[in-house]
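Chemist: Here you go, one structure.
The values are calculated or read from the model by the stated rules, or taken from the named source; none is laboratory data. Predicted model only: the values in this text are computed from it and were never measured. Here Cβ is always computed from backbone atoms with ideal geometry, including for glycine, and neighbour counts include all displayed protein chains. Areas reflect the complete protein model, heavy atoms only, side chains present, ligands, DNA and RNA absent. Shrake-Rupley method; radii C 1.70, N 1.55, O 1.52, S 1.80 Å.
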Amino acid sequence: MDSLLEIIMNTDEALIRIVKDYGTVTYIILFLIIFCETGLVVFPFLPGDVLLFSAGVVAATGALNVWLLTGILIAAAILGNTSNYFIGRYASNFFLKIKNTTFQKYMQDSQLFYEERGGMAIVFSRFVPILRTYVPFVAGISHMNVATYTTYNVIGGAAWILIFVVGGYLLGGIPWAEDKFHLIIMGIVILTLIPFIYKTIMMFRER
């Protein structure tokens, strides 16, 4: 539990320590973290963007193979969202039994939304903390077409991992970026939270 808290609070320092202590097992640890964050609705608090960027920076030092790392994490992201989707489909059997007009109206609206704009929601939610954990779950509840979901899941998962891991890898070899690493991490956190905060504010304004 202490190790998990350290990863959440001090991702970069914790990751460096994990690489030193566990070596190649680090790939498995990173796989599990990304899989759980994207695949299990109870783990939206796990680090995503920051962890990926930090992993790329660590790979730039030669401690990890960036291409092996990228491939493993793309698999984790895709499999995680796939798991979340099917958990949602299974859970829909329970939600459909809820006899509440307002709730069932919400279910119908969600299904219509995923039919019309679900693809883009799957892709762009990858870059927004919390949403990337819940969007695939709701897509499953809404019974979004499996083939369509899988296509956008692969596109979004690959783009998310490549942008952050390769971005961290490229910046990791630049001296000024290493000196300003914590500022870069803070900037990433702020940028990824802006869409979520904006959506939340707009939702309350509409209400």
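Chemist: Among (1) at pLDDT below 90; (2) hydrophobic (A, V, I, L, M, F, W, C); (3) more than 16 Å from the chain's Cα centre (by Cα), which single condition is Ala121 missing?
Modeler: (3)
Chemist: If you don't mind, there's one more thing I want to ask. If Ala59 satisfies every condition in (1) in contact with a Leu (Cβ under 7 Å, 6 or more places away or on another chain); (2) modelled with pLDDT under 90 but one, which is the exception?
Modeler: Only one criterion in (1) in contact with a Leu (Cβ under 7 Å, 6 or more places away or on another chain); (2) modelled with pLDDT under 90 is unmet by Ala59, namely (2).
Chemist: Within the range 43-69, work out how many residues are without any contact (Cβ under 8 Å) to a residue 60 or more places away in the chain, farther than 16 Å from Phe127 by Cα and among the hydrophobic types (A, V, I, L, M, F, W, C).
Modeler: The number of residues fulfilling the criteria is 4.
Chemist: Being open to solvent by 40 Å² or more (accessible area, probe 1.4 Å) and either closer than 22 Å to Ala158 by Cα or modelled with pLDDT under 90 (or both) is true for just one of Ser83, Ser3. Which residue is that?
Modeler: The match here is Ser3.
Chemist: Of the conditions (1) touching a residue at least 60 places away in the same chain (Cβ under 8 Å); (2) surrounded by fewer than 23 Cβ atoms within 10 Å (Cβ to Cβ); (3) within 21 Å of Gly156 (Cβ to Cβ), Ile72 satisfies every one except a single condition; which number is it?
Modeler: (1)
Chemist: Just checking, which of Phe113, Phe45 is modelled with pLDDT under 90 and under 17 Å from the mean Cα position of the chain (by Cα)?
Modeler: Phe45
Chemist: Give me the residue from the range 21-52 that is open to solvent by less than 10 Å² (accessible area, probe 1.4 Å) and of a type in the set (Gly, Ala, Ser) and, out of that set, nearest to Asn65 (Cα to Cα).
Modeler: Only one residue tops the list, namely Gly48.
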